[in-house]
Amino acid sequence: MAAACVGGTCSYPCAAGFARCTLPTGDCETNVASDNNNCGGCGHVCPAQSTNATTSCEQGQCVLHCQAGWADCDGVFDNGCETNLDTGANCGACAAACPTCVAQTCCTPTSFAACASPVQIGALAVGQTVTYTGNLPASVSAAGDSTPNANWLVVTFAGSNADPNYHPHITLTSTGGAFSFSVFTDCTGAAAPVACGDGTPTTGLTQWEVFNSGGFIPTNPGAVPPPAAGTVYIQVLNGATADCSSYSLTISD
């Protein structure tokens, strides 16, 4: 900038964003808009590290750069990025309250039912197919059910095992997570329908089916085919410890 006479002395003011920090008579050599050691003025140092953050000098101000999953929610520079964004009070953002926060995402359970009050799929006729979708956030269980990450459903295959087209079939697909299901079947006949949790389940499945080929032959060893009008309980499980993935069950007769 041009020189000026101030109080009988020649003065050489610096351009905006610069200062003489080395010598009073220097050449405005210091960029105080971006110099971490002279941020906004000579000698004003931005610390290289802060709590869960690094810093830089931007427009003459010390600025925090938070690590992933952390934020400066109180606006106090000195305590850095003090807030964990993977909590129910701050889920993914400051003050974003959420009952179930999974990996900084608010995960709203869409399917949680206990064995004693399962999701009712209803009765399927031969040739009929239904699809059920839901998710199972980590470590959450339905009221009255002690198993976390679980959902119960019940379906009746209303065909006859004398019908060669009678083909109970359950397929599980998912967008992630560690989903599987267990099947509890009625092996005593329609006169004594299966109750919640009866019998020995076939576990760890992603597919289960039985079909009529000279009599019922299960494709999964140990699976017990339902009789005519057989009732099946399905327990879907998510083995992940922190996951909000969704799943889909395709159930057909």
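Please report Trp70, Trp152 as a ranked list, fewest other C-beta atoms within 10 angstrom at the top and most at the bottom.
Fewest-to-most ranking of Trp70, Trp152: Trp70, Trp152.
Between Val76 and Cys10, how high is the FRET efficiency from 1/(1 + (r/R0)^6) when r is the Cβ-Cβ distance and R₀ = 45 Å? Nearest 0.05.
E(calc), rounded to 0.05, equals 0.55.
Tell me which residues come under 5 Å, amide H to amide H, from Ala123 once H is placed; ignore anything under 5 positions away on its chain.
Amide H neighbours of Ala123: Thr156.
Quick one: Karplus J couplings for region 91-103, per residue in order, coefficients 6.51, -1.76, 1.60, θ = phi - 60°, nearest Hz, x for Gly and Pro?
Whole-Hz 3J(HN,Hα) from phi for region 91-103: 9, x, 7, 4, 6, 8, 6, 7, x, 9, 9, 10, 6.
Can you run phi through the Karplus equation (6.51, -1.76, 1.60; θ = phi - 60°) for region 122-136 and list ³J(HN,Hα) in whole Hz, with x for Gly and Pro?
Per residue, the Karplus-derived 3J(HN,Hα) values read x, 9, 9, 7, 4, x, 8, 9, 10, 10, 10, 10, x, 9, 9 Hz.
Apply 1/(1 + (r/R0)^6) to the Cβ-Cβ distance of Arg20 and Gln59, taking R0 = 22 Å, and write down the FRET efficiency to the nearest 0.05.
The calculated FRET efficiency here is 0.65.
At a 10 Å Cβ-Cβ cut-off, how would you order Phe157, Phe112, fewest neighbours first?
So the ranking, lowest neighbour count to highest, is Phe112, Phe157.
For Asn165, what charge total do you get from the other residues with a beta carbon under 14 Å from its beta carbon, if Lys and Arg give +1 and Asp and Glu give -1?
After counting each charged neighbour, the total is -3.
How much length, in nm to one decimal, is gained on full extension between Ala48 and Thr100, taken as 0.36 nm per residue of separation minus their Cα-Cα distance?
Length gained between Ala48 and Thr100: 15.2 nm.
Taking amide H positions as placed in the peptide plane 1.01 Å from N, state which residues far from Trp70 in sequence (5 or more) or on other chains have amide H under 5 Å from it.
Leu85
Determine the gain in length on full extension of the stretch Glu29-Asn84; use 0.36 nm per residue of separation and subtract their C-alpha separation, reporting nm with one decimal.
15.8 nm
5 Å is the cut-off here: which amide hydrogens, built 1.01 Å from N in the peptide plane, fall below it relative to Ala96, excluding neighbours closer than 5 in sequence?
Cys91
Read the figures in this text as sums done on the coordinates, not as results from a lab. Source: prediction; values computed, not measured. We place every Cβ from the backbone using ideal geometry, glycine too, and count neighbours over all the protein chains shown.
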